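Novice: Could you have a look at this structure, given as structure tokens, before my questions?
The values are calculated or read from the model by the stated rules, or taken from the named source; none is laboratory data. These numbers come from a predicted model, not from an experiment. Note that we place each Cβ from the backbone using ideal geometry, even for glycine, and neighbour counts take in every protein chain shown.
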Amino acid sequence: MLGPIIEGNDMVTVTIRLKVQEDKVEEFEGLVSQLIRDVHANEPDAIYEVRRVRGQPLTYLYFLSFPDQAAYDRYSDADYHTSMSPKAVACLDGDPVFEEHDPLQ
């Protein structure tokens, strides 16, 4: 069972799958760890998780869920995010795969 369907759900949910260059893992994980702390401090209602894919030590999956578009936009435009992003992108091996998800309604 999928669970209850939430009426009027305006949540913005995104997943990002990406691969990091082997020699950039430590730098990338440091940047992401700080980003997670910043998001939790500034957007307490957001769910922001990053996981390493089991069996694929260079591949990561982000799970982001914000209560609404305004919260997602604040995160996207925040200095802590915009200053970190180019540094993290420089650690990647290839392009990340972004997917937006819709709630069941």
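Novice: Please pick out the residue among 94, 3 that is of a type outside the set (Asp, Glu) and modelled with pLDDT under 95.
Specialist: 3
Novice: Restricting to region 31-50, what's the tally of residues that are surrounded by 12 or more Cβ atoms within 10 Å (Cβ to Cβ) and within 18 Å of residue 68 (Cβ to Cβ)?
Specialist: Looking only at that region, the number is 7.
Novice: Restricting attention to region 51-97, which residues are over 16 Å from residue 24 (Cβ atoms) and either in contact with a Leu (Cβ under 9 Å, 6 or more places away or on another chain) or basic (Lys, Arg) (or both)? Walk me through how you get there before you give the answer.
Specialist: Keep residues of region 51-97 that are over 16 Å from residue 24 (Cβ atoms), which gives 51, 53-55, 61-83, 97.
Once the filter is applied, which keeps residues that are over 16 Å from residue 24 (Cβ atoms) and either in contact with a Leu (Cβ under 9 Å, 6 or more places away or on another chain) or basic (Lys, Arg) (or both), region 51-97 yields 51, 53, 54, 61, 62, 72, 74, 75, 80, 81, 97.
Novice: Moving on. What number of residues within region 68-80 satisfy the criterion of being surrounded by 16 or more Cβ atoms within 10 Å (Cβ to Cβ) and not hydroxyl-bearing (Ser, Thr, Tyr)?
Specialist: If we filter region 68-80 for residues that are surrounded by 16 or more Cβ atoms within 10 Å (Cβ to Cβ), which is where we start, we get 71-72, 75, 78.
Next cut, not hydroxyl-bearing (Ser, Thr, Tyr) only: 71, 78.
Total meeting the criteria: 2.
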